[in-house]
Structures are given as C-alpha cells and as structure tokens.
Amino acid sequence: MKYFKLIGVTLMVGFLTFSCKKDNKKNLTSTKETVEIINKDTISTLLNSKDFDTLINGKQVKLYWIQNKHIKVAFTNYGGRIIGLWVPDKNGRMTDVVVGMDNVQAFISSTEPYFGATIGRVGNRIAKGKFTLNGKSYQIPTNNGINALHGGKSGFQDKVWEAEKLNASTLELRYHSLDGEQGFPGNLDVKVTYSVTENNSLRIEYNAVTDAPTVVNLTNHAFFNLNGEGSGSILDHRVQIYAEQFTPVDQTLIPTGEIRAVKNTPFDFTTPHTIGERIEVKNIQLKNGSGYDHNFILSGSQKSGMNHVATIVGDKSKIVMDVTSQEPGVQFYSGNFMEGKNQFKSAVVDSFRTAFALETQHFPDAPNQPNFPSIELNPGEEYHTISVYTFSIKQ
C-alpha cells in the first residue's frame, strides 16, 4: 500500500488500496485494487489557518487538524466544531462528508449556529426552558420558539474551548461552564476528545464533572452528506436505524412522553430506506418535524456495550458510515430547516435537505419526562460516554 508524506503544500498524487470484504463493503485499509486519490496535502489548502486565527472574548481561536493514513478532520475550537471530514469514496477520491465554513466569522454570523458544533450543556429541547431539580426550579433562555434548544441562547457552540493536540490523530477540547451559565446550576468541567483510529473511525469521548447537582446531555451536531459537501440533496442516502421505537413530539417538537413503535410508520428504518422515500407522506409526526427531526430509542447492542445506532450509505459515493454509541438514543434530523443562507467551504450554500445529522444523546426534554433515562449529574459522579463514526465503502 502506498501513502503520501506531507511535504509543504506540494500537490502530489498517490495510491490507496482496497479489497472487498465478505460483507460486501470495501475496507479502507485493504490491498487488492489500487486506485488513484487526491493527496491529503491538497485538502489542507482548502482551509487557511489565518481565517481562524483570532480572539473571541479575549480567547484564542485557531484551526486544528487530526489525521491518519485514511481520514483527515479539520476543527476549530470556536464551538468545538468539526469543519470538515475527508474519507475516500468508491473511486478513492478524498471526499468531505461534513459540511462547514472556511472561516470563523462565517460560523459566528451563520443563521444555523450548530454546524459541526459540540453541543451542551443540554443537547436537544427543554420544554419552555424550564425544569425542576431537587425541588428547585430553573429557567433556561428560550431560543426555539417557546422552548430552549441545545443549551439556550448561548450554548457551548458559542464558546471558545481550550484545545490541545495530543498527537497527530487526537485533539482534546476543554470548557469550564460556570454555575448559572444559561441558567444551569453547578460549575461543570467538560472534556471532549476527538480522535481518528486505524479502523477508519472518528471517535468522540465526552467527560464531565460538576460541583453541584445539574443536568448534562452532550453531543456533536455534525451535518453529513456522504456524497460530499456541495453534492446536492441527501434524500437518496440509504439509512438503517437500529431502533424499534421513537418518541413522538408535539407541534413545538417537545416529546409527548409516549414511547411509540416504529413498525408500520415512516419512522421504521429497521430495514434500509432512503431518506426521501417516505418523508413527504401524510403523517402528523412528519408534519410536526417538517420531516425527520425525532429521537429514536436504540434497541440493539454491539460489543463493548456500544449500541449500534445506524448505517448510512451515500448513493453516489458509496461511502458507508456506521455509527455506534453508549447513548440510549439518537436524534435523526433530515436538514428540514436549511435555508440556503450560509456559504460552505465548497462555495455552495446550505440548501434545503443537503445534509443530515445523527446526534447520539439522551432523550429530548429528559428533565421533564420521568419515564425517560435521567440526565442528572451529581458531585462525585462522572459523565462519560463515547460515540464512534466508522467509514467504509460499499460495492
């Protein structure tokens, strides 16, 4: 197998080898068929570190890269964001499967504040921004109609994280969330470790501790298009979600508290379906979400206590993304509120349903839903969870 070495910004051509696996996927590390790919050095020229090198609220913001032989990922510590993620497609061409902007100011001014961001203190929605913990009531600023979404008006996506590149393949981000920030109780110390692994995965590990009882539900809000940023609609992506139940929502996208079977509904992805196959059928839940914007309750388990979340295949690229997580749920979002108002690094805009999200997490509105898994965190406890996104090729 032949790979490229980094030599300044020189453009080079090389080869990556593939072979067919028994499960009809091509492993990115195998060695049968040799195909030409774009040198990863050319990827680095798509983003200029000067466009991210700035101060926000007196804190240093920068561009960061992690990589191995098969995957390359760009981040900024403004919002703890994934800016882009490159993996080989069916022809071996490095393909950017996570949408994002090419400068920090574009993220700041974006009408969609969550592109690629690390989300907290509580991901997803809290009804009317209110919850009670140990008999005391708390109010989070509402920013999604009458509800609080992804931590309130200024969640973790707006914060500058302390960043340390531990090695070529690992980036560690830390943030100290003060007691009372966005109305949440307790000082919370958060660490998120992003790493690329030799089995062609992006691994995300979350840790948090608190000095007072609080609530925590962390996730990442990468928007994916497995055909590549700027390639158009994601409606022909084929999706399988390993969930036999989901949590229906009201018109404001707050769970009703019901646990409903996906069987005989457009939410049944227990066998593969394209995203667009049933998205326009007459269904009150699809109407409430303007498409898919729902929490699925994961039912299958995999080795090491990881739930098998989903398998998605890009119809053009044949890139396969397998998601596993220690979380009990995943929010599947089909890009229903993308408005074409923000320009990505590929120079295309964020048109309607040109990216999707799979946010591994606890359930929406958990503090107000006694039948949902708790997201309470107390002093002396550690919040710890891992999610993994693994890439391969389908023939």
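The values are calculated or read from the model by the stated rules, or taken from the named source; none is laboratory data. Just so it is clear, the model here is predicted, and its values are computed rather than measured. When we count neighbours, we look across all protein chains shown, and the Cβ atoms used for this are built from the backbone with ideal geometry, even at glycine. These accessible areas exclude ligands, DNA and RNA; they are computed on the full protein's heavy atoms, side chains included. Shrake-Rupley method; radii C 1.70, N 1.55, O 1.52, S 1.80 Å.
Can you say whether residue 341 is in contact with a Lys or Arg (Cβ under 9 Å, 6 or more places away or on another chain) and either surrounded by fewer than 23 Cβ atoms within 10 Å (Cβ to Cβ) or farther than 21 Å from residue 252 by Cβ (or both), as far as the supplied structure shows? Please lay out each step first, then the result.
On the way: in contact with a Lys or Arg (Cβ under 9 Å, 6 or more places away or on another chain): no; either surrounded by fewer than 23 Cβ atoms within 10 Å (Cβ to Cβ) or farther than 21 Å from residue 252 by Cβ (or both): yes.
No.
Looking at 32, 26, 62, 40, which one is modelled with pLDDT of 95 or more and charged (D, E, K, R)? Quick ask: steps written out before the conclusion?
On the way: 32 fails: modelled with pLDDT of 95 or more; 26 fails: modelled with pLDDT of 95 or more; 40 fails: modelled with pLDDT of 95 or more.
Every option except 62 fails the conditions.
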Given (1) among the acidic types (Asp, Glu); (2) buried (at least 17 other Cβ atoms within 10 Å of the Cβ); (3) farther than 30 Å from residue 91 by Cα, number of the condition residue 280 does not satisfy: (2)
Filter result (of a type in the set (Gly, Ala, Ser), free of Cβ contacts under 8 Å to residues at least 40 places away in the same chain and in contact with a strand residue (DSSP E or B) (Cβ under 6 Å, 6 or more places away or on another chain)) within region 339-395: 340
Filter result for residue 118 (of a type in the set (Ser, Thr, Tyr), in contact with a helix residue (DSSP H, G or I) (Cβ under 6 Å, 6 or more places away or on another chain) and without any contact (Cβ under 8 Å) to a residue 40 or more places away in the chain): no
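Every residue, every condition in (1) within 24 Å of residue 89 (Cα to Cα); (2) of a type outside the set (A, V, I, L, M, F, W, C); (3) open to solvent by 60 Å² or more (accessible area, probe 1.4 Å), yes or no:
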{"site": "214", "(1), (2), (3)": "no, yes, no"}
{"site": "221", "(1), (2), (3)": "yes, yes, no"}
{"site": "235", "(1), (2), (3)": "yes, no, no"}
{"site": "238", "(1), (2), (3)": "yes, yes, yes"}
{"site": "252", "(1), (2), (3)": "no, yes, no"}
{"site": "258", "(1), (2), (3)": "no, yes, yes"}
Selection count where residues are in a helix (DSSP H, G or I) and surrounded by 19 or more Cβ atoms within 10 Å (Cβ to Cβ), scope region 158-182: 2
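Per-residue answers, yes or no, for (1) touching a Gly at 6+ places or on another chain (Cβ under 7 Å); (2) more than 18 Å from residue 169 (Cβ to Cβ); (3) touching a residue at least 60 places away in the same chain (Cβ under 8 Å); (4) open to solvent by 30 Å² or more (accessible area, probe 1.4 Å):
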residue: 66; (1), (2), (3), (4): no, no, yes, no
residue: 84; (1), (2), (3), (4): yes, no, yes, no
residue: 95; (1), (2), (3), (4): yes, yes, yes, no
residue: 102; (1), (2), (3), (4): no, yes, yes, yes
residue: 111; (1), (2), (3), (4): no, yes, yes, yes
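If a residue has to be in contact (Cβ under 8 Å) with a residue 60 or more places away in the chain and in a loop (DSSP other than H, G, I, E, B) to count, how many in region 247-268 make the cut?
5
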Lone unmet requirement of (1) free of Cβ contacts under 8 Å to residues at least 40 places away in the same chain; (2) closer than 30 Å to residue 251 by Cα; (3) open to solvent by 10 Å² or more (accessible area, probe 1.4 Å); (4) not in a strand (DSSP E or B) for residue 137: (4)
